[in-house]
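Presented below is the structure to which this report refers.
Just so you know, all these numbers are worked out from the coordinates, no wet-lab data involved. These numbers were taken from a predicted model, which means no experiment stands behind them. Heads up, the Cβs are rebuilt from the backbone with ideal geometry, glycines too, and the neighbour counts pull from every protein chain shown.
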Amino acid sequence: MIQDLKELLSLVPSIDEILRTSTVARIAEIAGLRRATDLAREAAESVRKELRERSVTDPTRESLLKESERRVDAAWRLEQRSGIRRVINATGVVIHTNLGRAPLSAKAREAIVAASGYCNLEYDLETGRRGRRGARAEILLAEITGAEASLIVNNCAAAAFLVLRVLAGGGEVIISRGELVEIGGDFRVPDVLAESGARLHEVGTTNRTKVEDYRRAINVETQMILRVHPSNYRIVGFTSAPEVSELAQLARENGLVLYEDAGSGALRDLSEFGLGDEPIISRSIRDGADIVTFSGDKLFGGVQAGLIVGRAERIDEIRRHPLYRALRIDKLAYAAIEATLEAYRRDELSEIPVMRMLSMPIGEIESRAKRLADRLNENANLSAELVSGDSVVGGGSAPLARRPTCLVSLTHESLSASALDAALRASDPPVIARIEDERVLLDLRTVEENDDDDLARMLAILGDGR
Ligand SMILES: *Cc1c(COP(=O)(O)O)cnc(C)c1O
């Protein structure tokens with residue numbers, strides 16, 4: 001018998017009834033009563049809608065209450081997952097822009113916690129007076145790069161903008177056509193230049209630019225020579241670009257500023273990791289660049305920041321500009337950068353996760369992978385095997401910068417690769433993997449060692465659950 005609609009709708013639980021269910025009562029404790037009430041109202045409304053459409057089979061008071069409870073739970077889970085959460089990066093991409101780029105060292109994490117209350121951000125403990133913001137980080141940064149001075153802003157894009165705005169002074173900036181690149185979607189060198197008020201003067205060709213090309217372009221309007229590291233873009237084959245030292249000499253002879261945007265850059269020679277193309281900051285400074293900028297959360301291995309190093313006089317000009325105030329960083333970022341710089345100064349590169357991951361011997365990855373695969377193979381629903389592959393450096397480093405690795409290739413008795421991948425993303429903490437040829441691939445190079453157990457536990461749950 002088709003029930004009367006009015007009678008059906010009377011079976012929908014009240015908001016109070018939904019709030020009293022055990023799941024929703026627990027959610028109310030975390031989310032607050034107001035949010036829980038809204039979620040309960042939305043759940044009841046969606047149940048009511050389906051009753052009107054007659055798409056509910058066997059509607060009873062009890063089943064509708066259960067269903068409402070389930071819907072509140074699902075909505076709340078979805079809402080929570082959209083906030084910032086820790087994830088396990090099993091993609092093998094070391095500097096993964098979508099996953100927060102560089103993971104911080106243990107000391108940097110401690111430093112952030114320590115600075116999160118009151119701290120001496122702009123207070124000199126010696127004199128009891130106002131001190132310079134970020135002074136210690138700036139001193140360390142200058143010392144490690146061999147520069148006269150340094151300044152730290154919000155990110156490398158902000159650094160580039162500020163340097164061009166302050167030091168190119170609305171005049172002309174000479175740049176090679178091979179360096180007019182776009183990096184990661186919204187950083188386009190010509191656009192940043194235009195916004196800074198400087199005028200672009202392109203020289204050379206896409207693949208080859210000579211010192212003479214720069215020299216011929218110099219005129220009364222010229223303020224700066226800009227060199228941009230093309231980062232994740234490469235032209236190979238018949239190419240040439242002048243050395244920093246050659247451009248430095250040209251700049252000096254003509255009273256111009258030589259500025260290098262190194263992008264990721266490196267504080268050490270990383271050619272043994274296939275990163276021989278990355279500008280080494282101290283080398284650029286030694287070779288005569290007046291200003292060099294690089295990112296705080298790429299190969300450096302710290303937080304989002306734009307690190308500016310160079311001549312004291314130029315750095316002072318930038319610091320005094322009103323825009324610096326708008327682009328400066330907060331105390332937590334200083335704390336993390338300071339701790340990361342300390343590790344470089346002690347030469348303890350293995351403290352910095354990015355460096356540790358890049359230099360991790362394949363044998364170590366293989367033994368961790370084998371332990372994980374053995375554990376997973378105990379589960380009848382899962383099948384894991386080791387395959388060789390590549391980890392990717394990422395973060396705007398050379399597109400071909402890869403490290404050989406050992407992958408755990410995973411298949412599930414009844415789940416497709418994409419369903420298994422989705423289940424991994426839905427786990428707590430979410431695990432981000434990659435899919436190739438209908439297999440889920442896990443690269444432990446980018447999984448922090450103390451996450452191995454969490455990872456094994458979550459995979460085992462997936463194996464049991466379905
Ligand atoms: C990545 C990159 C930037 C932007 O750096 P952010 O710190 O992400 O703002 C600028 N220039 C170059 C050459 C880069 O590689």
Segments 45-52, 145-152, 256-263, 24-31 sorted - mean Cβ within 10 Å per residue, highest first = 256-263, 145-152, 24-31, 45-52
inquiry  = Cross-link candidates for Lys49: which lysines have Cα within less than 24 Å, leaving aside residues fewer than 8 places away along the same chain?
reply    = Lys6, Lys66
note = By Cβ neighbour count within 10 Å, fewest first, Tyr324, Tyr344 rank Tyr324, Tyr344
task = Give me the percent of Cα-Cα pairs in region 224-291 that sit more than 19 Å apart, rounded to a whole number.
result = 34 percent
ask   = Considering every pair of different Cα atoms, what Kirkwood radius, in Å, is found for region 15-76?
value = 11.5 Å
task = For every helix of n ≥ 4 consecutive DSSP H residues, a contribution of -39,500 (n - 2.57) applies; sum these over the chain, divide by its total residues, and give [θ] at 222 nm rounded to the nearest 500 deg cm²/dmol.
result = -13000 deg cm²/dmol
query = If you line up the long axis of helix 106-115 against the longest principal axis of the chain, both from Cα atoms, how many degrees apart are they, to the nearest 10?
reply = 90 degrees
ask   = lysines within cross-link reach of Lys331: Cα-Cα under 28 Å, excluding same-chain residues under 8 positions apart?
value = Lys107, Lys298
ask   = Assigning unit charges at the beta carbon (Lys, Arg +1; Asp, Glu -1) and nothing else, what dipole magnitude in debye, to the nearest 20, does region 98-253 show about its Cα centre?
value = 240 debye
remark   = One would report the Cα pair-distance distribution of the chain, bin width 20 Å, in %, as 21, 41, 28, 9, 1
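With the contact rule set at Cα under 8 Å and sequence spacing of 6 or more, what percent relative contact order holds for region 117-229?
24 percent
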message = From the gyration tensor of the Cα coordinates in region 323-409, what semi-axes in whole Å does the equivalent ellipsoid have, largest first, with each one equal to sqrt(5λ)?
response = 36, 15, 15
remark   = FRET efficiency (Arg130, Leu180; Cβ distance; R0 51 Å; to 0.05) is 0.75
key: Contact order relative to length of region 164-291, as percent, for alpha carbon pairs under 8 angstrom and 6 or more apart   = 24 percent
request  = Treating the Cα atoms of region 124-246 as identical point scatterers in vacuum, please give the log10 of the normalised Debye intensity I(q)/I(0) at q = 0.10, 0.12, 0.19, 0.20 Å⁻¹, two decimals.
outcome  = -0.41, -0.56, -1.14, -1.21
remark   = Here the relative contact order (percent) of the chain, from C-alpha pairs under 8 Å and at least 6 apart, is 19 percent
ask   = What does the highest-first list of 55-68, 272-285, 193-206 look like by mean Cβ count within 10 Å?
value = 272-285, 193-206, 55-68
query = Can you pull the three principal axis extents for the Cα set of region 270-333, in Å, largest first?
reply = 41, 30, 13
request  = Within 10 Å, count the other beta carbons around each residue, average over each peptide in 217-223, 38-44, 122-128, and list them highest first.
outcome  = 38-44, 217-223, 122-128
request  = Measure nothing fancy, just the Cα-based angle from helix 156-167's long axis to the longest principal axis of the chain, in degrees from 0 to 90, nearest 10.
outcome  = 30 degrees
note = Expressed in angstrom and ordered largest first, the alpha-carbon extents of region 231-385 along the principal axes are 72, 46, 29
request  = Run a plain Debye calculation on region 56-164 (Cα atoms as equal point scatterers, no solvent) and give log10 I(q)/I(0) at q = 0.11, 0.14, 0.20, 0.21 Å⁻¹, rounded to two decimals, same order as the q list.
outcome  = -0.67, -0.90, -1.27, -1.30
ask   = Any idea how far the Cα center of region 221-283 sits from the one of region 1-75, in Å?
value = 63 Å
query = Quick one: Debye curve from the C-alpha atoms of region 381-448, no solvent, what's log10 I(q)/I(0) at q = 0.13, 0.15 Å⁻¹?
reply = -0.40, -0.52
